[in-house]
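Worksheet for the structure shown next.
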């Protein structure tokens, strides 16, 4: 039996925003991360980092280990270090994503503070619409803190690092207070989830080859119709779109972080015609590859 491929460990500072590769705190708007990584984030983990997604609007499908949640914002899900997770956000979803080095959070988990039952906290998913009235002030406070964090992260003002650390700890105090109200997970067919995860592994291995869906299905030992049904059930999107999103993610990464020309990137991604690549990119990004590179670097 072939060994299972390792679950990717994503260091967001190195993969997405290299200006802050060694920072203890990284913030980004959920919509901007979704534009870069795609709305489908296959199963992955973040070693040595806590991560929280605060989804203020839109629908999200979340898989935390083997627990599944389907929830409308406003909500948040918190993933401790090494916990495997995957999620799919719809086109309307936006909010905040905060990634924090574990050493910054650990002191809050000490027994004396009463915020957690131990140093190894479980992943949680909390929907604000399900909370009692007594938690409303905490939610309001969380909103204000995230707004302050976003502003502080964007500016290079004196005392930026200690300010980010203090705001992050205050945010995690609110998150931990609300975590006692975590939602119950919904049942998911394990076979469907396994097929979906294996499909994402095959996409990673072959997206530059532009395989037809029939070949992906053959690699997985299922029919094309079964594969498409699983993708719609798990991610609410057709299987072909998942392949396209991975191509777009890599195209954006190459445009941002390399000096290759658009034509060079086209061929690197397995496209044979630069004009077709430009039309493909424009159709999915709403702008040409050259416009994306200029706007992203200027922004």
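The values are calculated or read from the model by the stated rules, or taken from the named source; none is laboratory data. Since we're looking at a predicted model, the values are computed, not measured. Using ideal geometry, Cβ is built from the backbone for each residue, glycine included, and neighbour counts are taken over all protein chains shown.
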Checklist line | Out of 279, 253, sole residue that is assigned to a helix (DSSP H, G or I) and touching a residue at least 12 places away in the same chain (Cβ under 8 Å) | finding: 253
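Sort through 115, 104 and tell me the only one that's touching a helix residue (DSSP H, G or I) at 6+ places or on another chain (Cβ under 7 Å), in a loop (DSSP other than H, G, I, E, B) and crowded, with 17+ Cβ neighbours inside 10 Å. Before the answer, list the steps.
On the way: 104 fails: in a loop (DSSP other than H, G, I, E, B).
Only one candidate passes the filter, namely 115.
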Check: In the list 60, 88, 83, 55, which residue meets the criterion of being out of contact with any helix residue (DSSP H, G or I) (no Cβ under 8 Å at 6 or more places or on another chain), under 22 Å from residue 183 (Cβ atoms) and crowded, with 22+ Cβ neighbours inside 10 Å?
Finding: 60
Checklist line | Unmet requirement for residue 18, which otherwise passes all of (1) at pLDDT 90 or above; (2) out of contact with any strand residue (DSSP E or B) (no Cβ under 7 Å at 6 or more places or on another chain) | finding: (1)
Item checked: Set 145, 149: member being modelled with pLDDT of 95 or more and closer than 15 Å to residue 23 by Cβ -> 149
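Residues checked against (1) surrounded by 18 or more Cβ atoms within 10 Å (Cβ to Cβ); (2) closer than 21 Å to residue 8 by Cβ:
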| residue | (1), (2) |
| --- | --- |
| 189 | no, no |
| 195 | yes, yes |
| 200 | yes, yes |
| 215 | no, no |
| 219 | no, yes |
| 267 | no, no |
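Check 228, 263 and return the single one that is in contact with a helix residue (DSSP H, G or I) (Cβ under 7 Å, 6 or more places away or on another chain), at pLDDT 90 or above and farther than 28 Å from residue 290 by Cα. Full working, then the answer.
Numbers: 263 fails: farther than 28 Å from residue 290 by Cα.
Unique residue meeting the criteria: 228.
Where in region 133-246 are there helices (runs of 4 or more DSSP H), lying wholly inside it, with at least 3 residues that are without any contact (Cβ under 8 Å) to a residue 40 or more places away in the chain and not assigned by TED's automatic domain parsing to the domain that holds residue 50? Spell out how you get there, then give the answer.
On the way: elements: 136-154, 160-178, 190-206, 213-220, 224-235.
By residue number, 190-206, 213-220, 224-235.
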